[in-house]
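Remarks on the structure that follows.
Readers should treat all values here as calculations from the given coordinates under stated rules, not as data from a laboratory. Keep in mind it's a predicted model, so treat the numbers as computed, not measured. Cβ placement follows ideal geometry from the backbone for every residue including glycine, while neighbour counts extend to all protein chains displayed.
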Amino acid sequence: MKLGIIGFGHLASAFTEGVLKSDYLNSEQIMITSLTDKTKEDALQKFGIASYSTNSELATNSDYIIISVKPHLYADIINEIKDSIKPNTIILSFMAGTKLSQLEELLPENSKLARVMPNIAMAVRESLTTICPNSALTEPEISEISHLFNAVGKVITTTEENLEKISAVSSSGLGFVGYLLNAFEMASLDLGLPEKYKELISTQTFLGAVKTVQETDISSKQLSDKVATKGGSTIEGLYVLMDHKVDENIVKAVNASFNKLSQLSKK
């Protein structure tokens with residue numbers, strides 16, 4: 001497999017780091033293009049992957065093409081590569097809010113295409129990646145795409161409508177969890193604990209909660225109820241979270257992200 005990546009920002013870099021760690025691909029199988037020489041040099045130094053000088057050259061030499069640029073650039077990119085794409089090349093779009101129909105309108109007829117919404121946890125092979133294939137892709141090809149992204153985490157194959165909803169929870173949610181982790185670190189410091197402990201305390205607390213839900217028959221609600229016994233210290237803290245409607249505000253945050261994705265799709 002020869003995989004070309006157009007644009008090498010945070011998502012593309014995280015994918016490359018994770019897929020190389022997994023040994024699913026090696027550095028000789030991946031090539032990139034980027035607007036800046038510095039990005040190309042960094043990719044070569046960090047991952048050992050080389051670059052093409054043009055997007056059309058990359059398209060000519062790729063079995064898979066990942067487009068990972070800002071969404072408003074999609075038409076320029078497609079117009080640049082559409083005449084260079086080989087038959088049966090599979091195109092994967094990381095572009096938020098850019099519909100399959102928008103891409104298909106510019107691509108050659110019956111182009112094989114999927115929208116792919118991962119998150120930067122690909123770098124540590126813990127992304128949740130949502131895949132929405134178009135009708136030109138066969139079941140074996142969809143399976144191959146899933147195997148590629150299973151190398152960097154877990155995969156859900158779904159409809160385009162669900163893809164954007166899952167992205168609001170998972171991709172944006174990664175930022176929300178980072179925000180909460182930072183709040184736990186601040187709480188550790190507020191209690192006067194040494195700064196050297198703050199990251200371990202917060203991350204291990206979240207990791208313990210996640211693994212308990214993943215690996216036992218205890219749900220997230222049951223975990224909360226189990227720890228917050230009547231008259232204990234945990235329930236006192238939960239009362240504060242309930243008073244400030246933290247759960248409702250997280251739901252509002254996810255909905256705000258989804259609404260923004262919907263606005264991007266309409267533009």
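Below, the figures for the structure above:
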| item | result |
| --- | --- |
| Rounded to the nearest 20 debye, dipole of segment 1-154 from Cβ charges on Lys, Arg, Asp, Glu | 340 debye |
| Inter-centroid distance (Cα atoms) of segment 110-179 relative to segment 196-251, Å | 28 Å |
| Cut-off 13 Å between beta-carbons: net charge of the residues surrounding Val152, Lys and Arg +1, Asp and Glu -1 | 0 |
| Highest average packing first - 203-209, 99-105, 65-71, Cβ atoms within 10 Å | 65-71, 99-105, 203-209 |
| Cβ charges +1 (Lys, Arg) and -1 (Asp, Glu), total dipole of segment 75-172, debye | 320 debye |
| Segment 3-158: relative contact order as a whole-number percent, Cα under 8 Å and 6+ apart | 23 percent |
| Fewest-first ranking of Phe176, Phe8, Phe47, using other Cβ atoms within 10 Å as the exposure measure | Phe176, Phe47, Phe8 |
| Extension gain from Gln263 to Val169, taking 0.36 nm per residue of separation minus the Cα-Cα distance | 32.2 nm |
| Estimated D of segment 202-267 in µm² per second, where Rh is the Kirkwood radius over Cα pairs and Stokes-Einstein applies at 20 °C, 1.002 mPa s | 150 µm²/s |
| Cα-projected label distance for Asp247 with Gln45, points at 7 Å along beta-carbon direction, nm | 4.9 nm |
| Anisotropy class of segment 146-200 from Cα gyration tensor, a/c 1.5 cut | oblate |
| Helix-only [θ]222 nm of the chain, DSSP H runs n ≥ 4, -39500 (n - 2.57) each, per residue, nearest 500 | -17500 deg cm²/dmol |
| Cross-link pairs beyond the 31 Å C-alpha cut-off, checked among Lys40/Lys154; Lys21/Lys70; Lys21/Lys260; Lys70/Lys252; Lys226/Lys252; Lys21/Lys198 | Lys21/Lys260 |
| Cα pair distances in the chain, grouped into 10 Å bins until the bin that holds the longest one, percent each | 6, 25, 31, 20, 12, 5, 1 |
| Relative contact order (%) - criterion: Cα under 8 Å, at least six apart; region: the chain | 16 percent |
| Segment 142-192, dipole about Cα centre (Lys/Arg Cβ +1, Asp/Glu Cβ -1), debye to the nearest 20 | 100 debye |
| Segment 3-158: radius of gyration and largest Cα-Cα distance (Dmax), Å | 14.2, 39 |
| Theoretical gain in end-to-end length, Glu57 to Glu105 [0.36 nm per residue, Cα-Cα removed] | 15.1 nm |
